[in-house]
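We did not get these values from a lab; they are worked out from the coordinates using the rules stated. From a predicted model like this one, the values you see are computed outputs, not experimental measurements. No Cβ is skipped: glycine too gets one built from the backbone with ideal geometry, and neighbour counts run over all protein chains shown.
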Amino acid sequence: MQSNAGRGVSVAAAVGCLVVGVAGSALAAFGARQVSRSADVSAIREQALGAARQIAVDFAAYDYHHLARDFQRVADESTGAFRKDYLTQSAGVQDLIQKAKSVSIAQVAGAGVVEADAARATVVLAVNRTVKNTSVPNGQTDSFGLQITLLHLHGQWLASDVKPL
C-alpha cells in the first residue's frame, strides 16, 4: 500500500505532466497559427504584387489600333477617384495618340511590395517602355517608376492610386 506522501508525489507528478502537456499544446497551436498567418500574409503580398505588375503594364502599354480597349482595361483594373481621373485624362489624349499612330510596349523590370494587408497594398515598380509613333518610327525607350496603391475589392486587387516616382 502506498503512503500519503507517495500518493502526493504521484498526484504532483501527474498534475505537472498535465500542465506541461497543456502548455505544449497551447504553444503548438500558437505556432501553427503564426505559420498560417505568415502564409496568409505571403499569399496576400504575392497576389497584390501580381496585380500591380499587370496594372503597371496595362497603364504604360497601348496601341492606337485598339486604344479604347486598352484604356478600358486600365479602367476595369481601377477604382474610386483614380478610375474617374484616369477615364477623364485618357479621353483627353486619345486623339493625340491616334493621330501620332502611337504604340507603346511596356514591361516591368522590377517590383516590390512596400506594405500589404488583406484590404490594401502599396507596390513600387520599375517599368521599361518603348514607344513608336510617326515622330519616332524606330521607337524611343524610357524607364520610369510607379507606386501603385491597391484595394482588395470584390475578390480582386484594383488600383486606387498610381503615382510616378
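Residues that are assigned to a strand (DSSP E or B) and surrounded by 16 or more Cβ atoms within 10 Å (Cβ to Cβ) within the range 127-146 comprise V127, R129, T130, V131, K132, L146, listed in sequence order. Say whether the condition of being without any contact (Cβ under 8 Å) to a residue 40 or more places away in the chain, surrounded by 15 or more Cβ atoms within 10 Å (Cβ to Cβ) and within 26 Å of the chain's Cα centre (by Cα) is met by at least one residue in the range 59-66. Checked against the condition, which is being without any contact (Cβ under 8 Å) to a residue 40 or more places away in the chain, surrounded by 15 or more Cβ atoms within 10 Å (Cβ to Cβ) and within 26 Å of the chain's Cα centre (by Cα), the range 59-66 yields no hits at all.
In this structure, is A118 assigned to a loop (DSSP other than H, G, I, E, B) and touching a strand residue (DSSP E or B) at 6+ places or on another chain (Cβ under 7 Å)? Yes: the conditions hold for A118.
Take the residues in the range 87-114 that are assigned to a strand (DSSP E or B) and either of a type outside the set (A, V, I, L, M, F, W, C) or over 25 Å from the mean Cα position of the chain (by Cα) (or both), then tell me which one is surrounded by the most Cβ atoms within 10 Å (Cβ to Cβ). Here the residue is S104.
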